[in-house]
Amino acid sequence: VYDTGDAKLAGVLQENSDVNAKQAIVPVDPHEVLKRVSALPISQWQYKDTPGVNHVGPMAQDFYAAFGLGSDETKIAPGDMAGVSLAAINALSARNAELEERVSQLEALVTRLFPRVANN
């Protein structure tokens, strides 16, 4: 176990995500996840042992407080970060579809109420 330094791969990091390796599987509410992501402070920062090398993301303590994921409030597992991000994207996609439908309805209403505007 290394607490400092970089791990560099000449390939791909793969985390086990096989459903057969999991238990206590519970769906999440993507809209609730998005709400928490929206409130999550995101900063640009540097590790103390690699000054001048910038990174961006949440602080582990804030991520843990928002989602309660992982076994340590000082670290974030890449899979948890990806899962939270995907859930938030799902919520944004659903919200975008709702807004597109609403815009279509409003455009149809404008066309019906103001036919001269629609012809110009």
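The values are calculated or read from the model by the stated rules, or taken from the named source; none is laboratory data. Note that the coordinates shown come from a computational prediction; the quantities given were computed from them, not determined experimentally. Cβ coordinates were reconstructed from backbone atoms using ideal geometry, including for glycine residues, and neighbour counts include every protein chain displayed. These accessible areas exclude ligands, DNA and RNA; they are computed on the full protein's heavy atoms, side chains included. Shrake-Rupley method; radii C 1.70, N 1.55, O 1.52, S 1.80 Å.
Restricting to lysines 8 or more places apart or on different chains, can you count the pairs in the chain with Cα atoms under 25 Å from each other? Write out the running numbers ahead of the final one.
Working: LYS8/LYS48; LYS8/LYS75; LYS22/LYS75; LYS35/LYS75; LYS48/LYS75.
Lysine pairs meeting both conditions in the chain amount to 5.
Would you kindly state how much longer the chain becomes between GLU98 and LYS35 on full extension, computed as 0.36 nm times their sequence separation minus their alpha carbon distance, in nm to one decimal? Mind dumping the intermediate values first?
On the way: separation 63, 0.36 × 63 = 22.68 nm, distance 1.69 nm.
Result: 21.0 nm gained on full extension.
GNM on the chain, C-alpha springs below 10 Å: top fluctuator among ASN20, ASN96, ASN54?
ASN20
May I have the extent of the alpha carbons of the chain along their three principal axes, as whole Å values ordered from largest to smallest?
Computed over the chain, the largest-to-smallest principal extents equal 70, 42, 32 Å.
Over the chain, with the other protein chains present, what is the accessible area per residue in square angstrom, probe 1.4 angstrom? Walk me through the intermediate numbers first.
On the way: 10030 Å² over 120 residues.
Heavy-atom SASA per residue in the chain reads 84 Å².
Express the relative contact order of the chain as a whole percentage, based on alpha carbon pairs under 8 Å and six or more residues apart in sequence.
On the way: 75 pairs, mean separation 25.5, N = 120.
Relative contact order comes out at 21 percent.
In region 1-112, what percent of the accessible surface is made up of carbon and sulfur (1.4 Å probe, ligands and nucleic acids excluded)? Spell out each step's value before the answer.
Working: 5010 of 9110 Å².
Its accessible area is 55 percent carbon and sulfur atoms.
For region 12-120, which GluC sites (Glu not before Pro) pass both filters: DSSP loop (anything but H, G, I, E, B) and at most 10 other C-beta atoms within 10 Å?
Details: sites: GLU15, GLU32, GLU73, GLU98, GLU100, GLU101, GLU107; in loops: GLU15, GLU73.
Within region 12-120, the qualifying GluC sites (Glu not before Pro) (loop, at most 10 other Cβ atoms within 10 Å) are GLU15.
Which one, LEU109, LEU69, LEU40, has the greatest fluctuation when you compute a Gaussian network model over the chain with C-alpha springs under 10 angstrom?
In the Gaussian network model the winner is LEU109.
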